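One structure is given here, and the rest of the page talks about it.
The values are calculated or read from the model by the stated rules, or taken from the named source; none is laboratory data. Since this is a predicted model, take the numbers as computed values, not measurements. FYI the Cβ positions are ideal-geometry reconstructions off the backbone, even for glycines, and counts take in every protein chain you see.
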């Protein structure tokens, strides 16, 4: 009986000692993580302080809503074309600073889709002798 009690006490002491060691390493790890987070926050503040508080993006055309069509590539292409045409138009005098040309996303989608279908499915017929 005394032996079982001694083994029980020894096992508990070992478990408690392990918990203390693990707890210390977890505490040390948390302290290290907090130190890294503090350094990163300081770096972010340093970079943020160097940025201007306001800036202007020139030659922006009105926002478009693609709804749920799944044609983001189409809207992105048209937005880039409209922006580029407006920037060059204002720079070279074709457009006034408050003017822009609105292109059609629908027409671009249809023509690019038709071109893709034509190039994909239109294969010259070959005659096999």
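Among the residues of the stretch 85-97, is any touching a helix residue (DSSP H, G or I) at 6+ places or on another chain (Cβ under 6 Å) and in a helix (DSSP H, G or I)? So that I can check it myself, show each step before the final result.
Step one: of the stretch 85-97, the residues touching a helix residue (DSSP H, G or I) at 6+ places or on another chain (Cβ under 6 Å) are 95, 97.
Imposing the further condition that a residue be in a helix (DSSP H, G or I) reduces the set to none.
Within the stretch 85-97, none of the residues are touching a helix residue (DSSP H, G or I) at 6+ places or on another chain (Cβ under 6 Å) and in a helix (DSSP H, G or I).
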| query | Has the stretch 70-86 got at least one residue that is exposed (fewer than 10 other Cβ atoms within 10 Å of the Cβ) and either under 22 Å from the mean Cα position of the chain (by Cα) or in the same structural domain as residue 109 (by TED's automatic domain parsing) (or both)? | reply | yes
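Out of the stretch 49-75, which residues are assigned to a helix (DSSP H, G or I) and modelled with pLDDT under 85? Lay out the reasoning, then the answer.
Filtering the stretch 49-75 down to residues assigned to a helix (DSSP H, G or I) leaves 49-50, 72-75.
Matches in the stretch 49-75: 72, 73, 74, 75.
Looking at the stretch 97-116 only, could you name the residues that are surrounded by 10 or more Cβ atoms within 10 Å (Cβ to Cβ) and modelled with pLDDT of 80 or more?
In the first step, residues of the stretch 97-116 are kept if they are surrounded by 10 or more Cβ atoms within 10 Å (Cβ to Cβ); the result is 97, 99-116.
Across the stretch 97-116, the qualifying residues are 97, 99, 100, 101, 102, 103, 104.
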